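The values are calculated or read from the model by the stated rules, or taken from the named source; none is laboratory data. A quick note: this is a predicted structure, and the numbers were derived from the prediction, not measured. So basically every Cβ, Gly included, is an ideal-geometry build from the backbone, and we count neighbours across all protein chains shown. These area figures cover heavy atoms from the full protein model, side chains too; ligands, DNA and RNA do not enter into them. Shrake-Rupley method; radii C 1.70, N 1.55, O 1.52, S 1.80 Å.
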There are 2 protein chains.
Amino acid sequence: MTTILTDEDLTGGAIMQIAIDAVEIAMRQKAHGRMVSPPRHHVTFPGKGDLVFTVGGVQDGAPTAGFRVYDTFNGSHHSQIVAVWSTETAKLEGIVIGEKLGAIRTGAIGGVAIRHLSDADATTAGVVGSGLQARMQLVAAAAVRRLSHVRVYSRSEANRKAFAEEMQRYLGLDIEAVDSAAEAVRGADIVICATSSSVPVLRAKDLKPGAHINTVGPKTIEGHEIDLDVAKMAHRIATDSPEQMRAYASPFFLAGTSHEERVEDLASIIAENTPWHRSADATTLFCSIGLAGTEVAVAAAILKQRG
Amino acid sequence: MTTILTDEDLTGGAIMQIAIDAVEIAMRQKAHGRMVSPPRHHVTFPGKGDLVFTVGGVQDGAPTAGFRVYDTFNGSHHSQIVAVWSTETAKLEGIVIGEKLGAIRTGAIGGVAIRHLSDADATTAGVVGSGLQARMQLVAAAAVRRLSHVRVYSRSEANRKAFAEEMQRYLGLDIEAVDSAAEAVRGADIVICATSSSVPVLRAKDLKPGAHINTVGPKTIEGHEIDLDVAKMAHRIATDSPEQMRAYASPFFLAGTSHEERVEDLASIIAENTPWHRSADATTLFCSIGLAGTEVAVAAAILKQRG
């Protein structure tokens, strides 16, 4: 019988750590040309929407293949499906149904970026946004750094207070809701920007030199949650998928600027044999895209861990 | 909770009838341009094999979207997945995992062909082949015609005897295992050819004028289970997917012959308002291809019937 997991099964403190390690392994294989990750495939149902497939897998270690599919139909129900095969045995290892795996995967990508780009001694984090992805990014940050204090801002006072209370309980950290984005990120070693804002909510002048920033929300020319001066301030800029960044229907917010060619592939940074010696004031920026194939890698790791 | 069905759930006498009706509805919509059925989509995992996706759905009635995926990896395990969404509500209606749905679907396509092409008073059937698809085609034939006597031939005496015993019990019909293909089909109103043979096992001289033939096995120029003279004998030749027939990597067995342009789309035959008056000696031939999107239609109907 094929293992089927749903959102209720994706719980427990270890799951983000498992996901981060799975994404890191996939990215190392990507850097060596051992990850299959072709462009997305859409099929349109006229007047209704699309089914969108991302297919992918890793070729080394436990070689896997699989896909994620989601719909863009109008309606309140939405279910993603991720399926994983072993390419060694042809066995369908399992299926994960729901919205949560994708959120954990995006959090885990952010966690890998924080692990490899932020100050190894980072203890403070500033969060802008209070939705599911702001939570996942913070869980991921706490999985790779010994955080002691976190500040959070979002437009709704109720939401930022709820975020602070829930995440304080969940992570056992001191978390404070504050009244502005500037206050949330002031002096923070790690900055998480995870909003739906298409006007900048984060500016360079508010950031501590040497901070690491994850931008998870909008980042096209038409709308971006961080100001262009944050890119200017950054010593290094990375993304998890330069390929998808260039394929955006609406151009990436750094397109046409001098910063565009500075964007590095996080996979290459991770796989570098010569470690980067981060200076204390080296600000770093990670632009989260959602590398195709990482959903399959995370699902494979979760299925394997469950036996 | 999303409904998950496996092979064990796809049982019961009614299931083939449900599948035949679902395929017929899908084909009627195809004839009116209301079925979404794009070409297959392959992703290759180097050295391992492919994941192959067929996506499709119907736009009228209960509009649905979905896909089937299967693997070509080396190994003894193989699991197909079929998933169905309502495009009205965006709800994932369910997932069917296993090999059986595809077999039922191919049987149902054969059943639709028999319903619309064979003599309405057909009572005898000749079967060449004794595998899963030979069984499914006979179940489908019995669902649309009042059969009284069936003969079966396959190379292995043990297999054809097992087929006769099992199907006699399952369908409550008089089924006889015979010693040659010619003997199996002699005088039969309905002929099912479902072998893996790439050399012809069925010839025109063995067939009764006015018979209807379903060919389910190989039918490329390089290898085909029925002789070209069966096409010559046929008054009408139809297939479920002229599009896929023309897209075969290895050309269709009628390619380049005068019969190629006579091949009709079964969907158009079904949807014709002017009924065809079948003469007693009008031999008909149906070439089963496996119209993309019909797996989704059959899965949708089975999921709906289970509530």
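For region B:1-97, the strands (runs of 3 or more DSSP E) that sit wholly inside it and include 3 or more residues that are open to solvent by 30 Å² or more (accessible area, probe 1.4 Å) and without any contact (Cβ under 8 Å) to a residue 24 or more places away in the chain are B:41-45. Taken over region A:1-21, the criterion of being in contact with a helix residue (DSSP H, G or I) (Cβ under 6 Å, 6 or more places away or on another chain), under 24 Å from B:T2 (Cβ atoms) and among the aliphatic types (A, V, I, L, M) is satisfied by A:L10, A:I18, A:A19.
Has region B:134-148 got at least one residue that is outside any loop (DSSP other than H, G, I, E, B), over 23 Å from B:L5 (Cα atoms) and in contact with an Asp or Glu (Cβ under 8 Å, 6 or more places away or on another chain)? Checked against the condition, which is being outside any loop (DSSP other than H, G, I, E, B), over 23 Å from B:L5 (Cα atoms) and in contact with an Asp or Glu (Cβ under 8 Å, 6 or more places away or on another chain), region B:134-148 yields no hits at all. The listed residues are A:I213, A:I289, A:I302, and the only one of them that is assigned to a loop (DSSP other than H, G, I, E, B), of a type in the set (A, V, I, L, M) and in contact with a strand residue (DSSP E or B) (Cβ under 8 Å, 6 or more places away or on another chain) turns out to be A:I289.
For beta carbons closer than 8 Å, sequence separation of 6+ or different chains, a first residue in region B:279-302 that is farther than 14 Å from B:F67 by Cβ and in contact (Cβ under 8 Å) with a residue 12 or more places away in the chain and a second that is assigned to a loop (DSSP other than H, G, I, E, B) and among the β-branched types (V, I, T), the qualifying pairs are B:S288/B:V216. Scan region A:41-58 for residues that are more than 9 Å from chain B (Cβ to nearest Cβ) and within 18 Å of the chain's Cα centre (by Cα) and jot them down. Hit for region A:41-58 is A:T54, nothing else.
When you scan region B:112-133, do you find a residue that is open to solvent by 10 Å² or more (accessible area, probe 1.4 Å), outside any strand (DSSP E or B), under 21 Å from B:A282 (Cβ atoms) and of a type in the set (V, I, T), even just one? Reasoning before the result, please.
Narrowing region B:112-133 to residues open to solvent by 10 Å² or more (accessible area, probe 1.4 Å): B:115-116, B:119-121, B:123-124, B:130-133.
Adding the requirement that they be outside any strand (DSSP E or B) leaves B:115-116, B:119-121, B:123, B:130-133.
Then drop every residue that is not under 21 Å from B:A282 (Cβ atoms), which leaves B:115-116, B:119-121, B:123.
Adding the requirement that they be of a type in the set (V, I, T) leaves B:123.
Taking every residue of region B:112-133 in turn, at least one turns out to be open to solvent by 10 Å² or more (accessible area, probe 1.4 Å), outside any strand (DSSP E or B), under 21 Å from B:A282 (Cβ atoms) and of a type in the set (V, I, T).
Out of region A:136-149, which residues are open to solvent by 40 Å² or more (accessible area, probe 1.4 Å) and either out of contact with any strand residue (DSSP E or B) (no Cβ under 9 Å at 6 or more places or on another chain) or not assigned by the TED database to the domain that holds A:H212 (or both)? Give the derivation first.
The first filter runs over region A:136-149 and keeps only residues open to solvent by 40 Å² or more (accessible area, probe 1.4 Å), leaving A:146, A:148-149.
Scanning region A:136-149 gives a single hit, A:R146.
Determine if region A:266-276 includes at least one residue that is over 30 Å from A:G57 (Cβ atoms) and surrounded by fewer than 24 Cβ atoms within 10 Å (Cβ to Cβ). Even if it seems obvious, please write down each step before you answer.
Our first condition is that a residue be over 30 Å from A:G57 (Cβ atoms); within region A:266-276, this holds for none.
Among the residues of region A:266-276, not one is over 30 Å from A:G57 (Cβ atoms) and surrounded by fewer than 24 Cβ atoms within 10 Å (Cβ to Cβ), which makes the answer no.
Of note, B:I221 satisfies the criterion of being in the same structural domain as B:S130 (by the TED database) and more than 21 Å from B:Q133 (Cβ to Cβ). The residues of region A:150-208 that are open to solvent by 70 Å² or more (accessible area, probe 1.4 Å), in a helix (DSSP H, G or I) and within 24 Å of A:F253 (Cβ to Cβ) amount to a single one, A:K205.
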